[in-house]
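Only one structure is covered here, and it is reproduced in the block below.
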Amino acid sequence: GVSDGISMGTDGMSYSLQSRDIIADSFETIMGAQWYDAMVAIPGCDKNMPATVMAMARLNRPSIMVYGGTIKAGCAVLDDKEEKLDVVSAFQSYGQALSGAITEDQRKTIIAKACPGAGACGGMYTANTMASFIECMGLSLPFSSCTPAEDADKKQECLDIGKVILNLLEKDLKPRDIVTRQSFINAMVLTMITGGSTNAVLHSIGMARAFDIDLTIEDWQEIADKTPFLCDLKPSGKYVMEDLHAIGGTPALIKMLIEKELIDGSQMTITGKSLWENVKDAPSLKPYGDGPDQQPIVKPFDAPIKEDGHIQIMRGNFAPGGSVGKITGKQGTSFTGTASVFDCEEDMLKGLEDGKIKSGDVIIIRYEGPKGGPGMPEMLTPTSALAGAGMINDVALITDGRFSGGSHGFIIGHVVPEAIEGGPIAFVKSGDKVTIDTKAHEINMDVSDEELAKRKAAWTAPAYKASKGTLYKYIKNVKDASHGCVTDE
């Protein structure tokens, strides 16, 4: 699959999201052509995990996913102080160097030390979000999502998987016997609790559609309205998945959520047992705190990071078809500012370098959607640059592209309709007043309907960036972000 860490900030990101559907198609093709009896998938990054689940749903043969595992944290000594690092530290070092917060030699040290070994990005970014999501759905073994890639327990999981898949074959227990709408609801609750990636919205809808299960962005909002954000995990927090594993991992979280009656433990899993049976003997989370008999990651329900979910769905005259915000509460729940408009990611980065982005701006990066990007690239480089430059709490960013799970700040993506399709985001101009109100679930620009109509009449859609090959096929087939960016409908 595509490694976003390598492709990020380049034209290669156009291939990232579309690789999900190519991988699903490839699994389906080989499994169907060779008539394999069962499937063991070992993915290790953002798109190949939902891809394997989409293939499981289509084929409906005994199947299991083994997560390749999370990377361990990096470490570097900067200004005589030891700092824990991850891949996002490397991206943020660009903005830090740009603003003079670190030297170029320090930046090189961060880049060299950020990723010390094998494994997917270490925070609650998209890979770990999807691994946790799929474990909670019941399609991988307990602890699969949190065990580090280089840990001996991950090797043992791989050795044990033969018995598990044989048991599934003997019982003829297939993905559609396991996965229900409630399985998705359970996993969505876990994503809210952990502060997981906004990409989970996109991928969950894509996976659900493969299972012929109705799931919408409104379902995500319903979960957000009643689920707090508890886990102090990167990117908005302090800790990484390796740290969560050390205090009990995903099974401990699931056990707590079942005991709190926030998720349904009766759902079937690939072990042939219920979700509750899988986790009931797992260690319970210790109380929150810094003491020897406490843990510092999962906050109590009566003192959450945020009382409702960090994933917020918004519409309004800016995004009538929907958008997805990642609102941790650290930057507040509303933002009004002056639009600073860029037609691509590269222009925004140049604007930052040239000092054109100011505190209070609502940065708009458009023509980065599923068709316009193409491939709905992630805006990790812009958010990391803003964070490194010390501006992440002073601006908002809206895009018809996506965000990496490593992005944080007052950020809204997945704007529908996208710019190249003639959505309102195409008609906003620098200087327009834009208001984001997450409580009202709206993004509005202070522009009259009459003025918007004039701007639309004067607008000409730019040419697609691909005219043949795999990206052109994607442009011609992909649905919008609110419908999971699926390509087979």
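The values are calculated or read from the model by the stated rules, or taken from the named source; none is laboratory data. Being a predicted model, the structure only gives us computed values, none of them experimental. With ideal geometry, Cβ positions are generated from the backbone for all residues, glycine too; neighbour counts draw on all protein chains shown.
Residues are listed down the side, and each one gets a yes or a no for (1) surrounded by 24 or more Cβ atoms within 10 Å (Cβ to Cβ); (2) of a type in the set (D, E, K, R):
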| residue | (1), (2) |
| --- | --- |
| Thr191 | yes, no |
| Thr194 | yes, no |
| Arg209 | no, yes |
| Glu218 | no, yes |
| Glu222 | no, yes |
| Pro228 | no, no |
| Asp243 | no, yes |
Sole residue being in the same structural domain as Asn477 (by TED's automatic domain parsing), of a type in the set (Val, Ile, Thr) and surrounded by fewer than 24 Cβ atoms within 10 Å (Cβ to Cβ), chosen from Val416, Val362: Val416
Wholly enclosed helices (runs of 4 or more DSSP H) of the range 189-249 bearing at least 1 residues more than 21 Å from Leu139 (Cβ to Cβ): 217-226, 241-246
All positions within the range 171-188 that are of a type in the set (Lys, Arg) and either within 18 Å of the chain's Cα centre (by Cα) or part of a helix (DSSP H, G or I) (or both): Lys171, Arg176, Arg181
Every residue from the range 49-98 that is over 16 Å from Ala127 (Cβ atoms), crowded, with 22+ Cβ neighbours inside 10 Å and of a type in the set (Val, Ile, Thr): Ile64
Number of the condition not met by Gly117 [criteria: (1) touching an Asp or Glu at 6+ places or on another chain (Cβ under 6 Å); (2) not in a loop (DSSP other than H, G, I, E, B)]: (2)
Flag if Gly325 is part of a strand (DSSP E or B), under 23 Å from Met188 (Cα atoms) and not aliphatic (A, V, I, L, M): yes
Residues of the range 383-404 classified as outside any helix (DSSP H, G or I) and under 17 Å from Glu368 (Cβ atoms), total: 9
Number of the exception - Ala38 against (1) buried (at least 17 other Cβ atoms within 10 Å of the Cβ); (2) in contact with a strand residue (DSSP E or B) (Cβ under 8 Å, 6 or more places away or on another chain); (3) modelled with pLDDT of 95 or more: (1)
Residue identified as outside the structural domain of Lys330 (by TED's automatic domain parsing) and over 21 Å from the mean Cα position of the chain (by Cα) among Glu222, Glu218, Glu157, Glu135: Glu157
Qualifying residue in the range 465-480 (condition: touching a residue at least 24 places away in the same chain (Cβ under 8 Å), in contact with a strand residue (DSSP E or B) (Cβ under 8 Å, 6 or more places away or on another chain) and surrounded by 14 or more Cβ atoms within 10 Å (Cβ to Cβ)): yes
Residue count for the range 11-65, restricted to those that are over 17 Å from Ala200 (Cα atoms), of a type in the set (Ser, Thr, Tyr) and part of a helix (DSSP H, G or I): 4
Search result, residues across the range 254-292 that are surrounded by fewer than 20 Cβ atoms within 10 Å (Cβ to Cβ), at pLDDT 95 or above and out of contact with any helix residue (DSSP H, G or I) (no Cβ under 8 Å at 6 or more places or on another chain): Glu259, Lys260, Glu261, Lys273, Ser274, Glu277, Asp281, Lys286, Pro287, Tyr288, Gly289
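To keep it simple, each residue is scored yes or no on (1) farther than 22 Å from Ile217 by Cα; (2) touching a residue at least 24 places away in the same chain (Cβ under 8 Å); (3) more than 18 Å from the chain's Cα centre (by Cα).
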| site | (1), (2), (3) |
| --- | --- |
| Tyr239 | yes, yes, no |
| Pro251 | yes, yes, yes |
| Lys255 | yes, yes, yes |
| Glu259 | yes, no, yes |
| Gly265 | yes, no, yes |
| Pro296 | yes, yes, yes |
| Asp302 | yes, no, yes |
| Gln312 | no, yes, no |
